[in-house]
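Below you'll find the structure, written out as structure tokens, and then a few comments.
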Amino acid sequence: MLPKPNRLRVGSDFNLVTKTGSRFTSENLVIYVLVSKSNQSQAGLIVNRSVGGSVTRHLVSRKLRHNLATQLPKLNQNLMLVVRVLKPSKNYTPEINELFSKINLKFSKNNKADV
């Protein structure tokens, strides 16, 4: 589970990140990323009804929150992330790992001029 300070909860923050943030995609996920003004990285989830019924969506959310809780401390900067699920999958861990490595490359502290 994500700790409370690491949760993105306000709708306006979701809109800000999805509209103005950088986008990283894989087969089943899209992650929107924006540099955060807070002192901790925050993440939010968008699990659409097209992924499945309520039970399936909550199962997907739990799996993703578990993956995000382990990955957020590894980020190079304090970022706001919104993870959008496109399709259901048995295991999101390889995709999360791949996307987080891309995010760390783009938002590394040495590449601040690129952001």
Point to revise | Sole residue being more than 14 Å from the chain's Cα centre (by Cα) and touching a residue at least 60 places away in the same chain (Cβ under 8 Å), chosen from 106, 102 | key: 106
Check your understanding: Can you name every residue in segment 29-41 that is modelled with pLDDT of 95 or more and either crowded, with 19+ Cβ neighbours inside 10 Å or farther than 14 Å from residue 81 by Cβ (or both)?
Key -> 29, 31, 32, 33, 34
Exercise for review: Residue by residue through segment 69-86, note down the ones that are under 21 Å from residue 19 (Cα atoms) and either at pLDDT below 95 or aliphatic (A, V, I, L, M) (or both).
Suggested key: 77, 78, 79, 80, 81, 82, 83, 85, 86
Check your understanding: Which of (1) more than 23 Å from residue 9 (Cα to Cα); (2) surrounded by 13 or more Cβ atoms within 10 Å (Cβ to Cβ) is the odd one out, the single condition residue 52 does not satisfy?
Key -> (1)
Exercise for review: Looking only at segment 17-27, count how many residues are assigned to a strand (DSSP E or B) and either touching a His at 6+ places or on another chain (Cβ under 8 Å) or more than 15 Å from residue 95 (Cβ to Cβ) (or both).
Suggested key: 1
Practice item. Kindly indicate whether residue 67 is surrounded by 13 or more Cβ atoms within 10 Å (Cβ to Cβ) and in contact with a helix residue (DSSP H, G or I) (Cβ under 7 Å, 6 or more places away or on another chain). Key: yes
Exercise for review: Check 79, 34, 68 and return the single one that is under 9 Å from the mean Cα position of the chain (by Cα) and closer than 15 Å to residue 8 by Cα.
Suggested key: 68
Exercise for review: Mind listing whichever residues of segment 39-53 are more than 11 Å from the chain's Cα centre (by Cα) and under 18 Å from residue 104 (Cα atoms)?
Suggested key: 39, 40
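The values are calculated or read from the model by the stated rules, or taken from the named source; none is laboratory data. Remember, predicted model here, so these are calculated numbers, not experimental data. For neighbour counting, all protein chains shown are included, and Cβ atoms are generated from backbone atoms with ideal geometry for every residue, glycine included.
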